[in-house]
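**Student:** Before we start, here is the structure in question, set down as structure tokens.
Rule-based calculations on the coordinates, nothing more; no lab input. Note that the structure is predicted; figures quoted are calculated from it, not measured. Neighbour counts run over all protein chains shown; Cβ positions are idealised from the backbone, glycine included.
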Amino acid sequence: MTDSESDTWSISVVRTGGFAGLKREWHVGSADAPEVDWRLLVDACPWSSVARQQPAADRFVWRIEAHGGNRDRRATLGDANLVGAWRDLVDRVKTAAKD
Amino acid sequence: MVHGIVPPYLLARIAELDDERFAVAAQAARRALRYDEPRRAARLNFSLDASNNLVVELTDGPNRTISDAQNGETLPGEVVRREGDEPTGDPAADEAYDGLGATFALFSEVYGRNSIDGAGLPLDATVHYGVEYDNAFWDGERMVFGDGDGEIFGRFTASLTVIGHELAHGVTQYTAGLEYQGQSGALNESVSDVFGSLVEQHSLAQSASEASWVIGASLFTDEVEGTALRSLKAPGTAYDDDVLGKDPQPAHLDDYVETDDDNGGVHINSGIPNRAFYLVATALGGNAWERAGQVWYDTINLDLAPDTTFAQFAAATVRAATSRYGGASAEVDAVRTGWSTVGVETGDDDGLRV
């Protein structure tokens, strides 16, 4: 496998809950935003050690999936846990999906 | 220093009154001044009785503090308005202040509950949370309101039902403690929608037949095809929009949505108990906060299990209606019919921990 194949990424962010209970989804493929180092953003997130969070009234629930680098990763986070590397990744996906 | 509407020197004067006519006020003032009790706000009502005597009554009052996060995500933010302060001129801060007052009034005047915890807990809210933040929530201690993105949502303080909804989450936390997951989570949401709607109805003095029975009217911008976020009267009909899709709420147990999203669809399946409440309130007529609201308020004050199901909650409302109005009452009939219309049978198992 060549480097370019292993650096093909498909990332989705699904936001549910919130007062409105409206579902919002953002998807991005690495081809949509080749200038972004998606591997760096994805690897910075602690996928295997997401803290279990008590559900909180009317807060958003975030489901994040990243396919690429020969691995599938998936995490569900409460809104209060969407900080640091998670927040960076989600913000980049939302921005790239908007363009 | 006690922050309240009644200044301490006036409380002290009232406390020392040695006059039969003011015995209640004097006792209340002495209680309010006692420093070993939690500090609480109070309201003085002055009126004249039939013999033209001045009657002074001391009643519970809210203790509100509104903060401004200035579009950051650090709570609580900077305090912009305390209890008794003049309006700030910022619509979000002033709507939050007034909305908390209207919510306090419903619980205090109608159900005799002094604030969220029943013991005068201060009401704290933060406005302007985050950037274009499309949400309002209760974080266990305070209500937090975003400004909305300006394209789909405007500011979340614009609807009194939203403010009542958030404060009611606090009341549920201190009473029924319904777990925010699955059916008990949908009940938790429904209780907030019910009391959010009742706050608005009580504030506007609307009867059950006059009320809009919607949650979050005026939150959507003009771009959105929809009147509100949810309808208690007709769940599933609040909006139908090209971008947002259609309101996904079911109105009957047969259409209960099983999902992992949104803590098990708590904002979706709340449509079922919401409609049950609407049916009870309209069957009884008059003001919804009086009989239907009283039954629901009594129910959340029962010792419900955290994982209470729809059927158990329904049975608990029958128990509450029976103990307040009697087993052969119109209230009990309305409650049973309301639940069976949405497909929830009211059996004997109310899951109470007694």
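**Student:** Calculate the mean, over all residues of peptide B:187-193, of how many other protein chain Cβ atoms lie within 10 angstrom of the residue's Cβ.
**Tutor:** Partner Cβ neighbours, averaged per residue: 1.
**Student:** Cut-off is 10 Å between beta-carbons; in what order do B:SER197, B:SER212 appear when sorted fewest neighbours first? Could the numbers behind the result be given before it?
**Tutor:** On the way: B:SER197 32, B:SER212 17.
Least to most surrounded, the residues fall as B:SER212, B:SER197.
**Student:** What are the residues whose amide H is under 5 Å from the amide H of A:GLY69, where those residues sit 5 or more places off or on another chain and H is modelled from the backbone?
**Tutor:** Amide H to amide H, under 5 Å and 5 or more residues apart or across chains, A:GLY69 pairs with A:THR8.
**Student:** Which of the lysines could a cross-linker span from B:LYS246 if the Cα-Cα distance has to be under 17 Å and same-chain partners fewer than 8 positions apart are dropped?
**Tutor:** Correct list for B:LYS246: A:LYS23, B:LYS233.
**Student:** Now for a different question. Taking amide hydrogens as modeled 1.01 Å from N in the peptide plane, which residues meet the under 5 Å criterion relative to B:ILE116, leaving out close sequence neighbours?
**Tutor:** Counting only residues 5 or more places away or on other chains, the set is B:LEU121.
**Student:** While we're here: What ³J(HN,Hα) values, in whole Hz, does the Karplus curve 6.51 cos²θ - 1.76 cosθ + 1.60 give for region A:32-45 when θ = phi - 60°, with x put for Gly and Pro?
**Tutor:** Once rounded to whole Hz, the list reads 5, 9, x, 6, 8, 7, 5, 4, 4, 5, 5, 5, 6, 7.
**Student:** By its C-alpha gyration tensor, with a ≥ b ≥ c as the square roots of the eigenvalues, how is region A:3-98 shaped: rounded for a/c under 1.5, else prolate for a/b larger than b/c, else oblate?
**Tutor:** Prolate, since a/c reaches 1.5 and a/b exceeds b/c.
**Student:** Helix B:91-105 sits at what angle to the longest principal axis of chain B, using alpha carbons and giving 0 to 90 degrees rounded to 10?
**Tutor:** Long axis of B:91-105 versus the principal axis of chain B: about 80 degrees.
**Student:** While we're looking at this one, here's another question. Give me the inter-chain shielding for B:153-164: mean count of other chain Cβ atoms within 10 Å, whole number please.
**Tutor:** Mean number of neighbouring Cβ atoms from other chains: 1.
**Student:** Right, next: Only bridges whose two residues both fall in the protein assembly as shown count here: according to DSSP, what percent of them are antiparallel, nearest 5?
**Tutor:** Percent antiparallel among DSSP bridges in the protein assembly as shown is about 85.
**Student:** Which of the peptides B:168-175, A:88-95 is most tightly packed, and how do the rest follow, judged by the mean count of other Cβ atoms within 10 Å per residue?
**Tutor:** So the order, starting with the most tightly packed, is B:168-175, A:88-95.
**Student:** Quote the relative contact order of region B:182-341 in percent (integer), defining contacts as alpha-carbon pairs under 8 Å separated by 6+ residues.
**Tutor:** After rounding, I find 24 percent.
**Student:** If you don't mind, there's one more thing I want to ask. For each of B:SER231, B:SER209, count neighbouring Cβ atoms within 10 Å of the residue's Cβ, then give the residues from fewest to most.
**Tutor:** Least to most surrounded, the residues fall as B:SER209, B:SER231.
**Student:** Around B:GLY148, what is the net charge, scoring Lys/Arg as +1 and Asp/Glu as -1 over all other residues with Cβ under 11 Å from its Cβ? Could you put the intermediate results ahead of the total?
**Tutor:** Working: positive: B:ARG155; negative: B:GLU132, B:ASP134, B:ASP147, B:ASP149, B:GLU151.
Here the charged neighbours net out to -4.
**Student:** For B:ALA12 and B:SER209, what does the FRET efficiency come to when R0 = 30 Å and r is the distance between their Cβ atoms, rounded to the nearest 0.05?
**Tutor:** 0.05
**Student:** When N is the residue count of region B:293-354, what does its C-alpha Rg come to as a fraction of 2.2 N^0.38 Å?
**Tutor:** Numbers: Rg = 10.6 Å, N = 62, 2.2 N^0.38 = 10.6 Å.
The value comes to 1.00.
**Student:** From the Cα gyration tensor of region B:149-276, with a ≥ b ≥ c the square roots of its eigenvalues, which class applies: rounded if a/c is under 1.5, or else prolate if a/b is larger than b/c, or else oblate?
**Tutor:** Working: a/c = 1.44, a/b = 1.09, b/c = 1.32.
Rounded.
**Student:** Quick one: Cα centre-to-centre distance for region A:8-43 and region B:211-231, in angstrom?
**Tutor:** The two parts, judged by their Cα centres, are 29 Å apart.
**Student:** Still on this model: Each residue of region B:333-343 in turn: what ³J(HN,Hα) in whole Hz from Karplus with 6.51, -1.76, 1.60 and θ = phi - 60°, glycine and Pro shown as x?
**Tutor:** 4, 4, 5, 4, 5, x, 5, 5, 5, 9, x
**Student:** Need one number: the % of Cα-Cα pairs in chain B sitting beyond the 32 Å mark.
**Tutor:** 35 percent
**Student:** Moving on. How large is Rg/Rh for the protein assembly as shown, to two decimals, with Cα atoms and a Kirkwood Rh? Walk me through the intermediate numbers first.
**Tutor:** Details: Rg = 24.5 Å, Rh = 23.8 Å.
In the protein assembly as shown, Rg relative to Rh is 1.03.
**Student:** Follow-up. For chain A, run through the GluC sites (Glu not before Pro) and keep only the ones in DSSP coil with at most 16 other Cβ atoms within 10 Å of their Cβ.
**Tutor:** Listed in order of number, the matching sites are A:GLU35.
**Student:** Expressed as a fraction of 2.2 N^0.38 Å, the rule-of-thumb size for a compact globular protein of N residues, what is the C-alpha radius of gyration of region B:211-253?
**Tutor:** Computed over Cα atoms of region B:211-253, the ratio equals 1.10.
**Student:** Then there is this: Can you give me the angle between helix B:160-174 and the longest principal axis of chain B, using Cα atoms only, in degrees from 0 to 90, rounded to the nearest 10?
**Tutor:** Between helix and principal axis, roughly 80 degrees.
**Student:** From the backbone phi of region B:213-219, what are the Karplus-calculated ³J(HN,Hα) couplings (6.51 cos²θ - 1.76 cosθ + 1.60, θ = phi - 60°) in whole Hz, Gly and Pro given as x?
**Tutor:** Result, ordered by residue: 6, 10, 10, x, 5, 6, 7 Hz.
**Student:** Normalising by the residue count of chain A, find the relative contact order in percent from Cα pairs under 8 Å and 6+ residues apart.
**Tutor:** Relative contact order here is 35 percent.
**Student:** In the Gaussian network model of chain B, springs joining C-alpha atoms below 10 Å, which of B:GLY293, B:GLY130, B:GLY72 carries the largest mean-square fluctuation?
**Tutor:** Maximum fluctuation in the GNM of chain B, among the listed residues, is at B:GLY72.
**Student:** If I fit a long axis through the Cα atoms of helix A:84-98 and take the longest principal axis of the Cα atoms of chain A, what angle between them do I get, 0 to 90°, rounded to 10?
**Tutor:** 70 degrees
**Student:** If a/c stays under 1.5 just call it rounded; otherwise compare a/b with b/c (prolate if a/b is bigger, oblate if not). Do that for region B:60-217, with a ≥ b ≥ c from the square roots of the Cα gyration tensor eigenvalues.
**Tutor:** rounded
**Student:** Using a 10 Å cut-off around each Cβ of peptide B:325-332, what is the average number of partner chain Cβ atoms that fall inside?
**Tutor:** Going residue by residue through B:325-332 and averaging, the value is 0.
**Student:** Grab the other residues whose beta carbon is less than 14 angstrom from that of A:LEU89, score K and R as +1, D and E as -1, and report the net.
**Tutor:** +3
**Student:** I've got another one for you. Sorting B:TYR239, B:TYR180 on the 10 Å Cβ count, fewest up front, what's the list?
**Tutor:** Sorted ascending by nearby Cβ count, the order is B:TYR239, B:TYR180.
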